[in-house]
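Chemist: The structure is given below, and queries will be raised subsequently.
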Amino acid sequence: MNASDLSIVILTKNGGDLFADVLAGLFTCDGILDAEILVIDSGSSDRTIEYAKQHPQIRIHEIPPSEFGHGKTRNLGARMTTRPIIINLVQDATPATPDFLIRLAKPLIEEGFAGSFGRQLPRPWTNKIERIFLERTYHGVREVRSCTDPQALEIKSIFFSNVCSAIRRDVWERIPFDESLIMSEDQLWAKQVLLAGHRLLYEPDATVFHSHNYGLRDVFKRNFDSGASWVGVGHGTFVSMADYEVRHIAWCLKELARGGAWWLIPYLLAYETTRATAFFVGQRAHFLPRWVTRKLSLHKYHWKGDGTLVPR
């Protein structure tokens with residue numbers, strides 16, 4: 001694999017000093033000087049653009065905040081670049097090893113995968129609840145995804161993350177990201193790609209540091225948007241979510257008990273109740289007045305229209 005095959009697209013808005021850390025990690029990656037790098041910024045008022053300009057290799061494209069959309073802006077990034085492999089990276093995901101790009105992209109070239117996504121590791125300051133979530137969601141076992149039964153494509157089957165992903169340009173040209181969704185454009189893309197007969201890969205050896213310490217308010221807003229985005233994307237979504245919640249809480253309780261962190265159990269239950277409730281309400285967002293959806297959503301700009309989500 002040659003890094004000259006790679007177009008790296010990073011979406012930014014007020015990335016802060018953490019974005020400088022991301023760029024420092026990116027520019028230690030093997031072959032990075034041969035890659036094409038595009039930063040699309042949607043209205044930063046901090047030093048984000050300044051950090052990007054410190055690297056002459058980076059091309060910067062600025063758009064107004066009103067033009068941003070997770071699927072829309074990633075499609076823009078793909079159109080503005082030219083290489084056969086598109087690497088999607090977010091402004092707060094720092095490559096953890098010099099072989100990050102190779103590990104992420106090589107399977108697409110040598111094994112024919114349509115896309116791959118990497119493992120997300122917690123940063124040192126990450127709270128215990130988030131650490132447990134990341135350790136369970138982004139484990140150390142390689143997983144190949146393919147579709148043998150379209151009705152079996154539930155949440156886990158189509159899980160894919162553009163926090164750090166690689167996709168083949170020829171596949172994207174036929175199946176671009178859906179622009180009607182608030183978020184989860186990566187999940188719908190994965191579903192469409194699998195239904196088209198392609199294979200996807202979770203590659204745990206391609207690692208980034210990426211984690212958040214969300215308060216309950218942000219947990220609700222993010223999962224409200226997630227629930228709204230998932231309408232029409234997965235089969236049996238609520239049943240799958242309920243099953244996942246039960247298993248996840250049981251896993252977390254076991255991990256907290258093993259680590260002696262009993263005092264975190266009330267917060268865990270509050271966190272998971274908030275997350276599940278928000279997802280449930282989000283799935284029924286089309287029944288709510290727009291002023292309510294704007295109040296509940298993290299991405300208020302999305303609800304300026306009629307608030308209808310119609311995945312392609």
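The values are calculated or read from the model by the stated rules, or taken from the named source; none is laboratory data. Since we're looking at a predicted model, the values are computed, not measured. Methodologically, a virtual Cβ is constructed for each residue, glycine included, from the backbone with ideal geometry; neighbour enumeration extends over all protein chains shown. The area values use the complete protein model at the heavy-atom level, side chains included, leaving out ligands, DNA and RNA. Shrake-Rupley method; radii C 1.70, N 1.55, O 1.52, S 1.80 Å.
Chemist: Quick check on my link table: of Lys128/Lys254; Lys13/Lys72; Lys53/Lys300, which ones sit more than 18 Å apart, alpha carbon to alpha carbon? Each step should come with its number before you reach the end.
Modeler: Numbers: Lys128/Lys254 13 Å; Lys13/Lys72 15 Å; Lys53/Lys300 30 Å.
Where the Cα-Cα span goes over 18 Å, the pairs concerned are Lys53/Lys300.
Chemist: What accessible area per residue comes out for the range 1-60, rounded to a whole number of Å², with a 1.4 Å probe? Walk me through the numbers on the way to the answer.
Modeler: Working: 2460 Å² over 60 residues.
Per-residue value: 41 Å².
Chemist: Given the DSSP H assignment, sum -39500 (n - 2.57) over each helix run of at least 4 residues in the chain and divide by its residue total; what's the result at 222 nm in deg cm²/dmol, nearest 500?
Modeler: Estimated from H runs of four or more residues: -12500 deg cm²/dmol.
Chemist: Just want to confirm a number: the relative contact order over the chain, from Cα pairs under 8 angstrom separated by 6+ residues, in percent. Before the final figure, lay out each step's value.
Modeler: On the way: 574 pairs, mean separation 59.1, N = 312.
Reported relative contact order: 19 percent.
Chemist: Please report, in cubic angstrom per residue, the volume enclosed by the convex hull of the alpha-carbon atoms of the range 144-276. Show your work: numbers first, answer last.
Modeler: On the way: hull volume 17.9 nm³, N = 133.
Normalising the Cα hull of the range 144-276 by residue number yields 135 Å³.
Chemist: Taking every eigenvalue of the Cα gyration tensor of the range 93-161, multiplying by 5 and rooting it, what semi-axes result, largest first, whole Å?
Modeler: 24, 19, 7
Chemist: Tell me, what is the per residue accessible area of the range 85-139 in Å², probe radius 1.4 Å?
Modeler: 34 Å²
Chemist: Send over a whole-number figure in Å² for the accessible area per residue of the range 186-235, probe 1.4 Å.
Modeler: Value for the range 186-235: 32 Å² per residue.
Chemist: Sticking with this structure for a sec: Tell me which label goes with the value of Cα Rg over 2.2 N^0.38 Å computed from the coordinates here: (i) 0.89; (ii) 1.03; (iii) 0.97.
Modeler: (iii)
Chemist: In the neighborhood of Ile32, defined by Cβ-to-Cβ distances under 14 Å, what is the net charge if each Lys or Arg adds +1 and each Asp or Glu adds -1?
Modeler: Residues close to Ile32 contribute a combined charge of -3.
Chemist: For Lys191, which aspartates and glutamates qualify as cross-link partners when the Cα separation must be under 14 Å and same-chain residues fewer than eight apart are set aside?
Modeler: Once the sequence-local aspartates and glutamates are set aside, what remains near Lys191 is Asp149, Glu154, Asp178.
Chemist: Tell me, how many Å apart are the Cα centres for the range 270-298 and for the range 40-114?
Modeler: About 30 Å separates the Cα centre of the range 270-298 from the one of the range 40-114.
Chemist: Pick from Thr148, Thr12, Thr274: which residue has the top mean-square fluctuation in a GNM of the chain where Cα pairs under 10 Å get a spring?
Modeler: Maximum among the listed residues: Thr148.
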